[in-house]
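K.L.:
First the structure, then my questions, so here it is.
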Amino acid sequence: MVKNEITAQNLRSAFGGESQAYQRYIVWGKKAEKDGFPKVGLLFKAIAYAEQIHAGNHFEAHSNLEGDFLVAAGAGFGLGPTSENLEGAIAGENFESFQMYPSYHLVAEDQDEKDAARSFHYALEAEKIHSKLFSEAREAVEAGNDYKLEYVSICEVCGHTVKDGTPDKCPICGAPKEKFKEFRE
């Protein structure tokens, strides 16, 4: 139950941002496939799923508030070549990793909003990995190659993202291996 309006606003903003990232990554993934980079398309699709998990966690942490709200959330727009779309994804993930989620998490902890703090922490840790994976993919694409990738595993509890492996236990939330969804071509 969210008691503080600042944390509630942050949850709504994060929900909006993650929902938009999900949609953007689905579109950019299809573009990557069209551009001849199916593994980059797979990466976008898998990370879109992680963003969907984050949005759901934020929505659930906001559970006691009902009604319509204006949701302010930053959203990148544009559909360009895959390398440019990856650059946009990296910029968004870095903003969330270094600015948005650290401050949202700090406020939620200060306000003793445990569910919100947990949701922000889960997203923060995943976004760091997303930035790294998108950066690796961009390097490959800029060299004219597809991203080397067999599959991506996403924790269905927190959105933790793993390239070419599935841990026995999620290092972020402790969920068992069975709670990971694998994305393959």
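The numbers here are math on the coordinates, done by the rules we state, and not lab data. Every value quoted in this text rests on a predicted model; they were computed, and no experiment measured them. Here Cβ is always computed from backbone atoms with ideal geometry, including for glycine, and neighbour counts include all displayed protein chains.
K.L.:
Pick out which of A50, A126, A143 has the largest mean-square fluctuation in a Gaussian network model of the chain, springs linking Cα atoms closer than 10 Å.
P.N.:
Top of the fluctuation ranking is A143.
K.L.:
Additional query: Pull up all non-local amide H partners of Y151: gap of 5 or more, or a different chain, and H-to-H distance under 5 Å with H placed in the peptide plane.
P.N.:
D164
K.L.:
Can I ask one more? In straight Cα distance, which lysines are under 25 Å from K34, not counting same-chain residues fewer than 8 positions off?
P.N.:
K45, K132, K148, K163, K181
K.L.:
How do S19, S63 rank when sorted from fewest to most other Cβ atoms within 10 Å of their own Cβ?
P.N.:
Exposure proxy ranking, most exposed first: S63, S19.
K.L.:
Can I ask one more? Can you give the three extents of the C-alpha atoms in the chain along their principal axes, from longest to shortest, in whole Å?
P.N.:
So the three principal-axis extents are 50, 38, 26 Å.
K.L.:
Hand me the trypsin sites (Lys or Arg not before Pro) from the range 1-56 located in a DSSP loop with no more than 13 other Cβ atoms within 10 Å, in residue order please.
P.N.:
Sites meeting the loop and neighbour criteria: K3.
K.L.:
Moving to a separate point now. Check every DSSP H run in the chain and write down those whose alpha carbon atoms cover 15 angstrom or more along the long axis and whose mean Kyte-Doolittle hydropathy is 0.0 or greater.
P.N.:
38-61
K.L.:
Taking 0.36 nm per residue of sequence separation and subtracting the Cα-Cα distance, how much length would be gained by fully extending the chain between K30 and E109, in nm to one decimal?
P.N.:
24.6 nm
K.L.:
Further question: Run the helix sum for the chain: -39,500 (n - 2.57) per DSSP H stretch of 4+ residues, divided by residue count, reported at 222 nm to the nearest 500 deg cm²/dmol.
P.N.:
Roughly -20000 deg cm²/dmol at 222 nm, from the helical runs in the chain.
K.L.:
Using Cα pairs under 8 angstrom and six or more residues apart, how large is the relative contact order of the range 5-148, in percent?
P.N.:
About 31 percent, as a whole number.
K.L.:
Mind checking the range 115-185 for trypsin sites (Lys or Arg not before Pro) that DSSP puts in a loop (not H, G, I, E or B) and that have at most 15 other Cβ atoms within 10 Å?
P.N.:
Answer in residue order: K148.
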